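Encoded as structure tokens, the structure appears first; notes follow it.
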Amino acid sequence: MLGLTITQWLFGILSLMAIMFALMVVFTRSPVNSVLYLVLTFFCIAGHYLLLNAQFLAVVHIVVYAGAIMVLFLFIIMLMNLNTETEQQKHIIARIISGVIGGLLLFVMVGALKGAEQINLVQSGASQIGLVKNLGNVLFHEFLFPFEVASILLLAALVGAIMIGKREPIKN
Amino acid sequence: MLNGIPINYYIMLSAVLFIIGAVGVMARRNAIIVFMCIELMLNAVNLLLVAFSTLHNDASGQVFVFFIMAVAAAEVAVGLAILAMVYRNFKTVDIDVLNRLKE
């Protein structure tokens, strides 16, 4: 079929779906639909990770992003009771200008990267770097200190989120 | 298995996803949607990091992506707490209304 391997087909389909869902995130009016399209985009990106033989990251991506972060977003949106009626849109000129700026940015990026060298990805049948065992080795040997710092960062974020989100006592 | 996808395709895909996120940040008024578009931009960069990590057969890139995910989770928790507080005080998350810093 057109001389493409199954990997190339998968890459094309996943890329098209990711770009389409990402566009829907921006252009859908209802915030809840936006969140659901973003979840679909994340699933497509996780598929890309699988294609790149990064199984550990694919699983972590689904668990952390699609599982935890997007549920937080959904909860907040439902708490605020946002829907299409409450959604305000920017002025049409502002929207057109932002679209033009995005198009120009894309033009510049594609133009700058077009001449880059064509390198094929390495044969990843031999590449085992995305597996849990290998990543764990690297993480707990070379990156042990950043790992500990990340745990402190998460603790600080936890305490900070609770402090910010706490309802203050009503003062008269 | 992974034969013959040039790295350029991954660069282009990441650029397109990043720019869609940037346009979303510029074009939307709901602060939560803006926040989601920032997540989309982060993910575009993550994808490129993983692609180059596979290209160079170096695990450091994937460990970096792991750390970026941890930082993004912390950022979302604090950011959404701030947005919830803003909503409680102003009854809106419209960024064109929340412009007191300008005056």
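Rule-based calculations on the coordinates, nothing more; no lab input. Note that the structure is predicted; figures quoted are calculated from it, not measured. All Cβ positions, even for glycine, are placed from backbone atoms using ideal geometry, and neighbour counts span all protein chains on display.
Quick notes on this one:
For every residue, the table says whether it meets (1) under 17 Å from B:Asn30 (Cβ atoms); (2) within 14 Å of the chain's Cα centre (by Cα); (3) small (Gly, Ala, Ser).
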position: A:Ile6; (1), (2), (3): no, no, no
position: A:Leu16; (1), (2), (3): no, no, no
position: A:Ile19; (1), (2), (3): no, yes, no
position: A:Tyr65; (1), (2), (3): no, yes, no
position: A:Met78; (1), (2), (3): yes, no, no
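- Among the conditions (1) within 25 Å of B:Ala59 (Cα to Cα); (2) more than 9 Å from chain B (Cβ to nearest Cβ); (3) in contact (Cβ under 8 Å) with a residue 40 or more places away in the chain, the only one that A:Val32 does not satisfy is (1).
- The listed residues are B:Leu47, B:Leu42, and the only one of them that is under 22 Å from A:Leu16 (Cβ atoms), more than 7 Å from chain A (Cβ to nearest Cβ) and in contact (Cβ under 8 Å) with a residue 24 or more places away in the chain turns out to be B:Leu42.
- Matching residues in the range B:87-103 - criterion: being surrounded by fewer than 17 Cβ atoms within 10 Å (Cβ to Cβ) and either touching a Leu at 6+ places or on another chain (Cβ under 7 Å) or in a helix (DSSP H, G or I) (or both): B:Arg88, B:Asn89, B:Phe90, B:Arg100, B:Leu101, B:Lys102
- The numbered conditions (1) part of a helix (DSSP H, G or I); (2) of a type outside the set (Phe, Trp, Tyr); (3) more than 10 Å from chain B (Cβ to nearest Cβ) are all true for A:Thr84 except (1).
- Given (1) surrounded by fewer than 16 Cβ atoms within 10 Å (Cβ to Cβ); (2) more than 22 Å from B:Ile68 (Cβ to Cβ), number of the condition A:Ile77 does not satisfy: (1)
- B:Asp58 being among the acidic types (Asp, Glu), outside any helix (DSSP H, G or I) and touching a residue at least 12 places away in the same chain (Cβ under 8 Å): no
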